[in-house]
Structure formats: C-alpha cells, structure tokens
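Here's the structure we're looking at; comments come further down.
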Amino acid sequence: MNFALLGKKIGMSQVFDDENNVIPVTIVEAGPCTVTQIKTLDKEGYTAVQIGYNPSCKKAPKSKPLVGHCKKNGVDPQAVLSEFRTPENDEYETGHLLTVDKFEAGEKVDVVATTKGKGFQGVVKRWNFAGGPASHGSMFHRRGGSYGLCQWPGHVFKNKKMPGHMGSRSRTVQNLKVIKVLPEKHVILVKGSIPGHNGSLLTVRPAIKRKSGKGVS
Amino acid sequence: MKPIVEEITQQDIKEDRDHFKVGDEVRVHVRVREGDKERIQIFKGIVIARKGRGVEETFTVRRIASGVGVERVFPVHSPLIAKVDVDRDSVTMRARMYYIRDRIGKGATKVKERRLVERANK
C-alpha cells in the first residue's frame with residue numbers, strides 16, 4: 001500500500017540490538033497526519049491523498065486560505081500540507097488519522113528531507129575537486145581549473161561543475177531499516193542518519209525499492 | 001539531550017555503572033560468545049577516559065600486555081559487560097589521563113592511590 005507520513009527529525013542516539021551490537025538510530029517523529037483531501041480522477045485529474053501535519057510544539061500562524069481549505073474539508077487547520085499519489089484511494093477518508101502504526105520494526109523506509117544549508121561553496125567542498133598543491137609556488141590552490149574550450153564552442157558547457165550554493169536541497173535516503181516503533185509517542189527509530197537539522201520537516205514512506213511484502217529486510 | 005531521546009534510551013541505561021571513574025584500576029568482565037557458548041573474559045587495566053553521556057557514554061581501559069600498550073573502548077551501558085570490578089581507587093588531576101600513554105616502565109601503570117583514610121571517610 002502506498003502512503004507517506006510527514007514528520008520531523010528529533011535527533012540521533014543509539015540502541016542495543018538482540019546480539020548486543022550498538023545500532024546508531026535517528027529518532028523521527030512521524031505523524032499523526034490528518035487526511036485533508038482526497039483527489040480523484042474526475043475532479044483533479046489524478047488520484048492522490050492530501051495529508052496535513054501539526055508538528056509538536058510548533059504554533060505558527062496559519063494563513064487564511066489554508067484555514068479555509070481545511071474548513072471546507074471539515075478538518076482542523078494544519079501547519080503543513082503534503083500529498084502522495086496512490087492508484088486507489090478508496091480506503092482513505094477526510095479526517096482520518098495516519099499514524100506510525102503503519103510501520104513495523106524490520107521494515108525498510110525512505111526518508112525525504114532537506115539537507116543542511118552550506119551557503120556559497122567552492123568546487124573542492126561542493127564537487128570534491130582535488131585542488132592544487134599548497135606550496136612550492138604552485139599558485140593554484142582551491143580553484144576549479146579549466147572551465148572549457150576556446151573559440152569552439154565559444155561558451156561554457158551546461159552543468160559544468162562550478163562554485164555555488166550548496167545544501168538546502170531535498171534529498172531522499174532510501175532503504176533505512178526501522179528498528180523500533182513507538183506508537184504512543186508517534187515516534188519511529190530508523191537505522192542510520194538522515195539529512196537536515198534536528199527539528200526539520202521530513203517525509204517518511206515505505207521504501208519504493210523494497211521487495212514484495214512487508215518486513216523484508 | 002532532548003527529554004524524548006532520554007525517555008527512549010532510558011531502558012538501555014544500567015544504573016550500576018557509575019561506581020568507577022578515571023584513574024581507577026578495574027577488571028572489566030566481558031561476555032564473549034564462542035559458537036553458542038558464552039564465557040566471561042576479563043580485561044584488566046586503568047580507566048583513562050570516560051566520554052559522552054546517556055546511553056552513548058563510553059570508557060577507555062588501558063593496560064600493558066606483554067610490553068605493548070593496549071586500549072579498549074567499551075560502551076558503559078553495553079549488555080556485553082557483565083560487571084566492572086574496581087581494584088584500586090585513585091586521585092587524578094586530569095579528567096582524561098592521556099599523558100599516561102607517553103610513560104614508559106613503572107610510571108605507565110602507576111597512579112596515585114586514594115588514601116585509606118579518605119576512603120573510610122567516604
């Protein structure tokens with residue numbers, strides 16, 4: 001079944017597994033998410049489910065159009081809205097709550113999050129260029145080298161790796177193993193790290209590239 | 001640390017693991033699995049550091065094994081550690097005893113012992 005949950009990154013810690021190994025985990029608050037709208041083929045031209053999420057301890061003012069949209073669908077105003085595509089959405093109904101119950105320990109998930117912003121960075125940090133020698137009069141330290149050819153083609157090729165803004169981009173980490181689900185706290189523990197700062201918004205969904213069935217490890 | 005992180009890791013934390021400190025000479029009882037048999041292996045040495053907090057806390061034990069300095073880092077709350085015996089209490093002037101790595105001979109294993117009187121007053 002296709003679904004997604006909005007949530008936030010809480011932080012990292014570690015747990016001990018059955019064989020007493022130390023497992024690094026990221027603590028993720030996921031949901032509860034309210035279904036705010038069902039999009040149908042007849043009306044919107046595609047089938048999807050729109051969900052809303054109110055992160056704990058976030059009390060941002062909500063815009064009037066947002067409040068109006070939620071009111072029209074008969075749900076409380078939500079701080080964040082997002083949607084996921086699904087071929088059949090008969091089982092969803094506006095007002096329904098999606099919680100971490102849908103995940104199981106041992107299952108694999110994907111996490112979509114925004115990476116930490118690094119600002120304007122040079123090619124060494126941004127593209128892992130090697131740079132030049134530090135001394136012996138090289139005069140070529142952290143520069144990008146040649147940017148292209150001469151009269152032909154007369155311009156720098158597209159996608160040439162250059163300095164620029166780095167980070168603050170949406171990135172997906174695939175196939176993270178769910179170590180533990182704590183339904184009463186709306187929290188799951190996933191193995192490994194995920195992008196972004198603590199407290200930043202993210203999306204958790206069952207792994208797209210999982211093999212058939214739940215709990216495939 | 002965030003309260004929720006503390007709450008989640010609470011169950012893994014062992015209460016009886018704060019009786020040793022940096023400078024103590026300890027015997028760490030480590031559970032070793034060999035096939036399906038389990039036995040206890042003892043690692044004896046001086047605690048030269050305790051780092052981190054909560055469930056992530058670790059401690060480093062240094063010993064001289066056949067003339068070579070050996071250091072092992074254990075997670076304080078690891079279930080693999082059966083128990084930690086303190087053989088010798090000591091007084092240290094440092095939180096991390098890294099200076100002991102540069103010592104050769106007798107000084108490499110010697111730490112100022114806490115006086116018996118002091119221990120009685122404790």
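Just so you know, all these numbers are worked out from the coordinates, no wet-lab data involved. Computed from a predicted structure; not experimentally measured. With ideal geometry, Cβ positions are generated from the backbone for all residues, glycine too; neighbour counts draw on all protein chains shown.
Restrict the search to the range B:2-40; then list the trypsin sites (Lys or Arg not before Pro) that DSSP places in a loop and that have at most 16 other Cβ atoms within 10 Å of their Cβ.
Of the trypsin sites (Lys or Arg not before Pro), the ones in loops of the range B:2-40 whose Cβ has at most 16 other Cβ atoms within 10 Å are B:Lys14, B:Lys21.
Counting other C-beta atoms within 10 Å, which of B:Ser90, A:Ser13, A:Ser170 has the fewest, and how do the rest follow? Mind showing how you got there, number by number?
Details: B:Ser90 18, A:Ser13 22, A:Ser170 12.
Sorted ascending by nearby Cβ count, the order is A:Ser170, B:Ser90, A:Ser13.
Using the Kirkwood radius over Cα pairs, work out the Stokes-Einstein diffusion coefficient for chain A at 25 °C and 0.890 mPa s, in µm²/s as a whole number.
Reported coefficient: 120 µm²/s.
Any idea how many Lys pairs in the range B:3-115 come in under 23 angstrom at the alpha carbon, given 8 or more places apart or on separate chains?
Step by step, the pairs that qualify in the range B:3-115 add up to 17.
Inverting the mean 1/r over all pairs of different Cα atoms, compute the Kirkwood radius of chain B and quote it in Å.
Over chain B, the inverse of the mean reciprocal pair distance is 15.8 Å.
Are there any chymotrypsin sites (Phe, Trp or Tyr not before Pro) in the range A:1-57 that are in a DSSP loop and have at most 14 other Cβ atoms within 10 Å? List them by number.
Numbers: sites: A:Phe3, A:Phe16, A:Tyr46, A:Tyr53; in loops: A:Phe3, A:Tyr46.
The qualifying sites are A:Tyr46.
Mind checking which of A:Gly74, A:Gly31, A:Gly199 has the largest fluctuation in a GNM of chain A, springs on alpha carbons under 10 Å?
A:Gly74
So which chymotrypsin sites (Phe, Trp or Tyr not before Pro) in the range A:99-128 are both in a DSSP loop and have at most 10 other Cβ atoms within 10 Å of their Cβ?
Values: sites: A:Phe103, A:Phe120, A:Trp127; in loops: A:Phe103.
Here no loop site has a sparse enough neighbourhood.
Length gain on complete extension for the stretch A:Met139 to A:Glu88, per 0.36 nm per residue less the alpha carbon to alpha carbon distance? Intermediate values should be presented prior to the final figure.
Numbers: separation 51, 0.36 × 51 = 18.36 nm, distance 6.20 nm.
Taking 0.36 nm per residue and subtracting the Cα distance, the gain is 12.2 nm.
Between B:Gln41 and A:Leu41, what is the label-to-label distance in nm when each label sits 7 Å out along the Cα-to-Cβ direction?
If labels sit at B:Gln41 and A:Leu41, their model points lie 6.3 nm apart.
Hey, fewest Cβ within 10 Å first, where do A:Cys70, A:Cys33 land in order?
Sorted ascending by nearby Cβ count, the order is A:Cys70, A:Cys33.
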